[in-house]
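Below: the structure, in structure tokens.
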Amino acid sequence: MHILVTNDDGINAPGLSALANQMKRIGQVSILAPDHNWSASGHVKTMHRPLRVREVSLADGTPAWASDGAPSDCVALGLLGFIPEKIDLVVSGINPNANIGHDVTYSGTVTAAMEAAIGGVPGIAFSLHTPAGYEGVVDYLPAAKIAFRIISALVQKGLYSSLLLNVNIPYLREDQIRGILVTRQGLRVYRDRLDKRYDPRGRPYYWIGGDAPTAIPDEGTDFAAIDKGYVSITPLQLDLTDFQALNSLKEIVW
């Protein structure tokens, strides 16, 4: 098995290295990730300028490639031939913060996995639910080991080309994690606000900020699972059609 590892936090992020090292236990690993942080970048594909790629080494000496493109660009580059060997699976992460509910539309971690599914390759995103305000060094090893367990089980079951999974892992020791649940996408609650400021010449500029988002812990959702100490696996699909609205709209005489 040939696994492409990417992320949205940049090639030097420790979560990427932890994930790649565990994937080496499963098969051949190629690493192609952005050369800087693209958090909350959403599903970006660069069409208006050329993409640059350079060879780098991770902190542990592992060879990798860094691109000036977005996470989804990195996946597209890999699938379209920059990496000559056929890629069987794309894994993205490990993001230091959870990607739950509507986060999946903003998250570069998740949309990298989406790009894989668009390209006909299974894509799996891994995110760690680090507590808000945590200031210590984040330990990615337990989450990376969980990723290994999940990928190993999926490989035994048999991966299919359109498989798209969003995995969120509670920030706990490995022996504290209560298990793995298959969940639905929950509801994220955002408290964004606009901060208007002025530059030295009196011209306005704006920051979009606000308090950290929360979530509604409804039973069976991604957030409810990680809130109770379980790993959440949410299967996603790229078909965003609202079928209820579709049927209602068909009744209208246009």
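Using DSSP, restrict attention to beta bridges with both residues in the stretch 1-72 and report what percent are antiparallel, rounded to the nearest 5. Provide the component values of the computation, followed by the final result.
Working: 5 of 12 bridges.
If I count the DSSP bridges inside the stretch 1-72, around 40 percent turn out antiparallel.
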(Q) For the stretch 34-131, which trypsin sites (Lys or Arg not before Pro) pass both filters: DSSP loop (anything but H, G, I, E, B) and at most 16 other C-beta atoms within 10 Å? (A) 45, 52, 86
Q.
Could you work out how much longer the chain between residue 198 and residue 52 gets when fully extended? Use 0.36 nm per residue separation minus the Cα distance between them, nm to one decimal.
A. 49.0 nm
Q: Rank 81, 229, 42 by mean-square fluctuation in a GNM of the chain with C-alpha springs under 10 angstrom and give only the top-ranked residue.
A: 81
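Can you tell me how the stretch 26-162 classifies by the Cα gyration tensor, rounded, prolate or oblate, using a/c under 1.5 as the rounded cut?
Numbers: a/c = 1.31, a/b = 1.13, b/c = 1.16.
Judged from the Cα gyration tensor, the stretch 26-162 comes out rounded (a/c under 1.5).
Classify the stretch 178-217 as rounded, prolate or oblate, taking a ≥ b ≥ c as the square roots of the eigenvalues of its Cα gyration tensor: rounded when a/c is under 1.5, otherwise prolate if a/b is larger than b/c and oblate if not. Write down the numbers at each step before the final one.
On the way: a/c = 5.18, a/b = 4.37, b/c = 1.18.
Because a/c hits 1.5 or more and a/b exceeds b/c, the stretch 178-217 counts as prolate.
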Q | Neighbour cut-off at most 16 other Cβ (10 Å), DSSP loop, GluC sites (Glu not before Pro), the stretch 130-234 | A | 135, 219
Q) For the stretch 86-91, what does the Karplus curve 6.51 cos²θ - 1.76 cosθ + 1.60, with θ = phi - 60°, yield as ³J(HN,Hα) per residue in whole Hz, taken in order and with x for Gly and Pro? A) 4, 9, 9, 7, 10, 10
Q: Provide the per-residue ³J(HN,Hα) series for the stretch 215-225, in order, calculated from phi with Karplus coefficients 6.51, -1.76, 1.60 and θ = phi - 60°, each as a whole number of Hz, with x at glycine and proline positions.
A: 8, 8, x, 5, 4, x, 9, 4, 5, 4, 5
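Dividing the Cα convex hull volume of the chain by residue count, how many Å³ per residue is that? Before the final figure, lay out the partial values.
Numbers: hull volume 49.3 nm³, N = 254.
Convex hull of Cα atoms, per residue: 194 Å³.
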Q: Between 117, 153, 40, find the one with the highest GNM mean-square fluctuation for the chain; connect C-alpha pairs within less than 10 Å.
A: 153
Q. So which residue, out of 27, 209, 108, gets the largest mean-square fluctuation from a GNM of the chain using Cα contacts under 10 Å as springs?
A. 209
Q: Report, in deg cm²/dmol and to the nearest 500, the calculated mean residue ellipticity at 222 nm for the chain, where each DSSP H run with n ≥ 4 adds -39500 (n - 2.57) and the sum is divided by the residue count.
A: -7000 deg cm²/dmol
Q: Can you send over the carbon and sulfur percentage of the accessible area for the stretch 26-74, probe radius 1.4 Å, protein chains only?
A: 51 percent
**Q.** Restricting the stretch 158-241 to chymotrypsin sites (Phe, Trp or Tyr not before Pro) in coil, as DSSP defines it, with at most 13 other Cβ within 10 Å
**A.** 160
Q. So what are the ³J(HN,Hα) numbers for the stretch 127-134, from phi and the Karplus equation (6.51, -1.76, 1.60; θ = phi - 60°), rounded to whole Hz, Gly and Pro as x?
A. 9, 10, 8, 5, x, 4, x, 5
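Using a 1.4 angstrom probe on the protein heavy atoms only, could you order 110, 253, 189 from most to least accessible area?
Numbers: 110 0, 253 140, 189 45 Å².
Greatest to least solvent exposure: 253, 189, 110.
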**Q.** Percent antiparallel among DSSP beta bridges (both partners in the stretch 130-254, rounded to 5)
**A.** 75 percent
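Under a point-charge model restricted to the Cβ atoms of Lys and Arg (+1) and Asp and Glu (-1), what is the dipole moment magnitude of the stretch 1-144 relative to its Cα centre, in debye to the nearest 20? Please report the intermediate quantities before stating the final value.
On the way: 7 positive and 13 negative charges, 63 e Å.
Its charge dipole is roughly 300 debye.
The values are calculated or read from the model by the stated rules, or taken from the named source; none is laboratory data. Every value quoted in this text rests on a predicted model; they were computed, and no experiment measured them. Cβ: placed from backbone, ideal geometry, glycine included. Neighbour counts: every protein chain shown. Protein only, heavy atoms only, side chains kept; ligands, DNA and RNA dropped before computing areas. Shrake-Rupley method; radii C 1.70, N 1.55, O 1.52, S 1.80 Å.
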